[in-house]
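The values are calculated or read from the model by the stated rules, or taken from the named source; none is laboratory data. In this text, all values refer to a predicted model and were calculated from it rather than measured experimentally. Neighbour counts run over all protein chains shown; Cβ positions are idealised from the backbone, glycine included.
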Amino acid sequence: MVSKIFQSLLIFLIMATNTFLRGENPSNQTTSDHLQPPVQLTAEQDHQRLMDLLNIKELRPWVNGLDPNAPNLPNYDESKANPYPNLPDPLVLKDGRRVTTPEMWWKERRPEIIEDFDREIYGRVPENIPPVNWVVTAIEPQTVGGISVITKYLVGHVDNSSYPLVNVDIQLTLSTPANATQPVPVIMELSFGNGIPYESTTYQTEPIWQEQVLAKGWGYAILIPTSIQADNGEGLTQGIIGLCNKGQPRKVDDWGALRAWAWGASRALDYFKNDQSVDAKRVGIEGLSRYGKAAIVAMAYDERFAIGFIGSSGEGGLKLHRRNFGEIVENLAGSGEYHWMAGNFLKYAGPLTWDDLPVDAHELLALCAPRPVFISVGSEQVEGGWVDAKGMFMAGVGAGPVYRLLGKKDLGTTEFPPQGTALIEGEIAFRQHSGGHTTGPNWPTFLSYAERYFSNQNNIE
């Protein structure tokens, strides 16, 4: 009875605080009367605008993996896939010097690689992004898989006083075991939200991933990326990108949606740092498909993420750009997916090629070193070859020298393993499961892998 009274009082205090925090102070608000409204462009119009800025007359055609009768089918013939691509060396500086010490990696080579990704692939994050004020809107006791949890519903209000015509409220939930006596590790999923197209499919007999996480004594969080930035080109003058640009279209090196979603994931980490139920040094990130892309970008750019579970991320994620297999660079440069990337990325679908890219996916993974990253992919017979399982494995191989330089273990092999083989001895891990476009069948393996790091403080510092 006492605990229920205390909980009711806590909820009352939170709601009262929220009322105060939501109150607007006119003195801090910019009047919107003189502001230009957000520019309204279709994705096609905005895409053409970027092409004009880059003086691109036309792009090479993208491949169609949905229609088996389409004339522009993707390649699934390994002999035509550029099986031995000439990848940029992650341990060679632009001036030709070889990186031989961890200090050279951290102070010289890593910043070079980040600059290339910023300028050419994912775009630059603005210097003066408005702050985020996290508000707990409700606290609810729940039972998940027979385990009592406390779920907090949160909204991250982005300060829009400089441009009130765009509002950004980041949606986040956090669930932790009710009986926890100390801060717990948390796995955060970048989620498709309601009507999940992939994870809702029955794929296994194991409990759902949230139950598996709770069984470890850990918590889980669910972040909705589209509450940060819409997943379409029309929305680029709204969301966090539009807010920072005051409703104007992007410059060619401005950030795209992947980088924006990753930024939002980092803002969730900011909140976890101040939540006494969370061990902020043991927060992992998981995502599937386009959110697998965002999850690895978040890992690469924010060293506070302790571990990554990257599901079927494909092109723009951990698939090598220099592989002609499944989805390719041209797809991400088209009007349907360009909003994920920086405008400059369009160049590599015409007039430049993927061989002209200054970096590739193995270097994105290398930016995560020395932290552990688990690469997950489904069966080629069930999921299909669109995400290119071998191309992601090859990125893992290519990142190995950086992990070894920093005293960590790589994949342990250069040979693509049989389906179901778990390569989990090193800080780069890989497993191709027998299911489709989902991380589901790999959750038990990933959690066992993560336990190795979360059970020992020294493993993650």
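Things to note:
- Qualifying residue in segment 208-228 (condition: assigned to a loop (DSSP other than H, G, I, E, B), touching a helix residue (DSSP H, G or I) at 6+ places or on another chain (Cβ under 8 Å), farther than 28 Å from PRO441 by Cα and at pLDDT 95 or above): yes
- Enumerated helices (runs of 4 or more DSSP H) restricted to segment 336-454, each holding at least 1 residues that are modelled with pLDDT of 95 or more, among the hydrophobic types (A, V, I, L, M, F, W, C) and in contact with a Leu (Cβ under 7 Å, 6 or more places away or on another chain): 361-366, 389-405
- Selection within segment 294-320: residues that are closer than 16 Å to MET394 by Cα and of a type in the set (D, E, K, R). The member of this set that is surrounded by the fewest Cβ atoms within 10 Å (Cβ to Cβ) is GLU315.
- Yes/no for SER313 being under 20 Å from ILE424 (Cα atoms) and either among the hydroxyl-bearing types (Ser, Thr, Tyr) or part of a loop (DSSP other than H, G, I, E, B) (or both): yes
- Looking across segment 111-122, just one residue is buried (at least 20 other Cβ atoms within 10 Å of the Cβ) and more than 20 Å from ARG250 (Cβ to Cβ), and that is ILE113.
- Within segment 58-72, the set of residues being free of Cβ contacts under 8 Å to residues at least 12 places away in the same chain and surrounded by fewer than 13 Cβ atoms within 10 Å (Cβ to Cβ) comprises LEU66, ASP67, PRO68, ASN69, ALA70, PRO71, ASN72.
- Residue match in segment 44-52 (condition: surrounded by fewer than 14 Cβ atoms within 10 Å (Cβ to Cβ), more than 30 Å from LEU406 (Cα to Cα), modelled with pLDDT of 95 or more and under 26 Å from the mean Cα position of the chain (by Cα)): yes
- Residues in segment 390-425 that are within 22 Å of the chain's Cα centre (by Cα) and either surrounded by fewer than 18 Cβ atoms within 10 Å (Cβ to Cβ) or in contact (Cβ under 8 Å) with a residue 60 or more places away in the chain (or both): LYS390, GLY391, MET392, MET394, ALA395, GLY396, GLY398, ALA399, VAL402.
- Close pairs (8 angstrom Cβ cut-off, 6 or more residues apart or separate chains): over 13 Å from ILE240 (Cβ atoms) in segment 126-137, of a type in the set (D, E, K, R) and surrounded by fewer than 13 Cβ atoms within 10 Å (Cβ to Cβ) anywhere: VAL135/ARG22
- If the condition is being buried (at least 19 other Cβ atoms within 10 Å of the Cβ) and part of a loop (DSSP other than H, G, I, E, B), then segment 248-267 contributes PRO249, ARG250, TRP255, GLY256.
- LYS281 meets each of the listed conditions (1) basic (Lys, Arg); (2) surrounded by fewer than 24 Cβ atoms within 10 Å (Cβ to Cβ); (3) part of a helix (DSSP H, G or I) apart from (3).
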